[in-house]
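Data first, discussion second: the structure below is written as structure tokens.
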Amino acid sequence: MQMNAQTRIEIPLRGTRGSSNPAGSQLLAKLFKPLIDMQVSRMRKNAGPGQPKLMGFPVLLLTTIGARTGQERTHVLGGFPDGDGSWLIVASKGGAATHPAWFINLAKNPDQVWIEVGDRRLKVAVECLQGEARERAYAKVVAAAPSYRDYPKKTDREIAVLRLTAES
């Protein structure tokens, strides 16, 4: 189902188990933010016509609007091509019991989502995949990035798989 300005993405319940973040992870996140910002800047500066790879799999920059702050937030994510003008992303958070912040932002503001793939910035429509479509998409991601294979075993929450399609 394509999302529009009036539609929100349903956020699945958080899990009761999953990979844990180290104590003080919020402090660590604040300390690492400048490094993440530098990585985003470096990717933008070195962007070429093709999709970049990081740790052996394709990546993209995802920009959402903060659910609480209303500010733009940009993240480097695995972005797996899914046909012409579409990419798959996975809200795995390494198999944690909670959803990644970017997924909450995307779910609250699905009409304000952009990706950067190489040197292209695209406004995208968001589709949260369900059932067999979700399973096929997740298998496709695992084939390209085997590190994603074990995340569902670490948590009891449903890990969202999303298709981002460039708007015309």
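The values are calculated or read from the model by the stated rules, or taken from the named source; none is laboratory data. Note that the structure is a prediction, hence the values are computed from the model and not measured. Cβ coordinates were reconstructed from backbone atoms using ideal geometry, including for glycine residues, and neighbour counts include every protein chain displayed. When the accessible area is computed, the model is the full protein with side chains, heavy atoms only, and any ligands, DNA or RNA have been set aside. Shrake-Rupley method; radii C 1.70, N 1.55, O 1.52, S 1.80 Å.
Before moving on, here are some points about what is shown:
- FRET E, pair residue 153, residue 8, Förster distance 35 Å, beta-carbon r, rounded to 0.05: 0.75
- Taking the average, over residues, of other Cβ atoms within 10 Å as the packing measure, peptides 152-162, 88-98, 8-18 rank 88-98, 152-162, 8-18 from highest down.
- Quarter of Cα convex hull surface for segment 79-150, i.e. mean projection, nm²: 5.4 nm²
- Per residue solvent-accessible surface (Å²) - the chain, probe of 1.4 Å: 57 Å²
- The alpha-carbon atoms of the chain, seen along their principal axes, cover 41, 39, 34 angstrom, with the largest extent given first.
- Residue 124 exposes around 0 Å² of accessible area when a 1.4 Å probe is run over every protein chain in place.
- Of 108/140; 33/108; 108/153, those spanning more than 24 Å from alpha-carbon to alpha-carbon: 108/140; 108/153
- A helix-only calculation puts the chain at -8500 deg cm²/dmol for mean residue ellipticity at 222 nm, using -39500 (n - 2.57) for each DSSP H run of at least four residues, averaged over all residues.
- Accessible surface of the chain, 1.4 Å probe: 54 percent of it comes from carbon and sulfur atoms.
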